[in-house]
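Everything below concerns the one structure shown next.
The values are calculated or read from the model by the stated rules, or taken from the named source; none is laboratory data. Please read all numbers here as calculations on a predicted model, not as lab measurements. Heads up, the Cβs are rebuilt from the backbone with ideal geometry, glycines too, and the neighbour counts pull from every protein chain shown.
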Amino acid sequence: MGGNKKDKATPAVQSVSYLRSQVQAGKIPILEPGQEPPGQKEPPGSNIPYGHWSGAKTWCTAHGPALCVWGHGKRRRAEDVLLPGGYRGPAEFTVMGLVQAWRRPEFGIEIPPDGWIYGDLIFSDVDAVFIDAAIQPKPELPVDWGYPDLEVGIFRSSELRSLLSDHRIASGLYQLFKWGTWHKRDEAI
């Protein structure tokens with residue numbers, strides 16, 4: 001990691017400030033250590049064969065300077081966690097295929113990140129610490145089931161994979177897939 005720690009910390013501080021403002025405004029409850037969660041999954045009943053969620057769907061827990069956001073009873077993301085190198089920044093829990101793990105932006109806190117570093121997030125009452133995994137997951141060739149599949153087509157295109165090494169192009173393509181809108185200099189086109 002290079003660069004100025006103060007400059008690199010700014011986006012994380014802004015993100016935490018927004019989250020903390022939501023907590024302070026009472027929009028997201030924050031639990032004290034040992035406090036019962038404000039929501040829970042109810043067991044299946046006669047009318048609802050798979051059960052349902054009751055109570056608050058989102059809440060936070062404090063871990064020293066870090067905040068952990070919970071959704072439906074599971075840790076989803078954390079803000080202001082201690083990263084390798086002494087920086088603080090975000091981490092999120094993700095499920096991609098068989099990989100279920102915590103990840104952080106490659107350089108600590110740039111959003112969108114240039115890439116992701118996978119690892120473990122250790123929570124205690126005094127802090128949340130991200131530890132990089134020794135072995136990082138690698139992309140695997142998707143299964144070709146014999147019908148048109150965008151994922152298979154993109155993965156097999158060395159030209160497109162080369163273009164996607166530029167994080168601006170990758171981010172733009174991701175936004176197009178996610179939102180169905182193409183942006184040029186912050187304007188939808």
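Checking the range 57-78 against the condition returns no match, with no residue being farther than 23 Å from Pro33 by Cβ, assigned by TED's automatic domain parsing to the domain that holds Ala128 and of a type outside the set (Gly, Ala, Ser). Taken together, Ser157, Ser124 contain a single residue that is modelled with pLDDT under 85 and surrounded by 10 or more Cβ atoms within 10 Å (Cβ to Cβ), which is Ser157. Looking at Gly39, Gly73, Gly64, Gly55, just one residue is closer than 21 Å to Phe130 by Cβ, touching a residue at least 12 places away in the same chain (Cβ under 8 Å) and under 24 Å from the mean Cα position of the chain (by Cα), and that residue is Gly64. On the basis of being more than 18 Å from Ala134 (Cα to Cα) and crowded, with 24+ Cβ neighbours inside 10 Å, does Gly89 make the cut? When the stated conditions are applied, Gly89 passes them.
Taken as a whole, the condition of being aliphatic (A, V, I, L, M), in the same structural domain as Phe93 (by TED's automatic domain parsing) and out of contact with any Lys or Arg (no Cβ under 7 Å at 6 or more places or on another chain) does not apply to Leu160.
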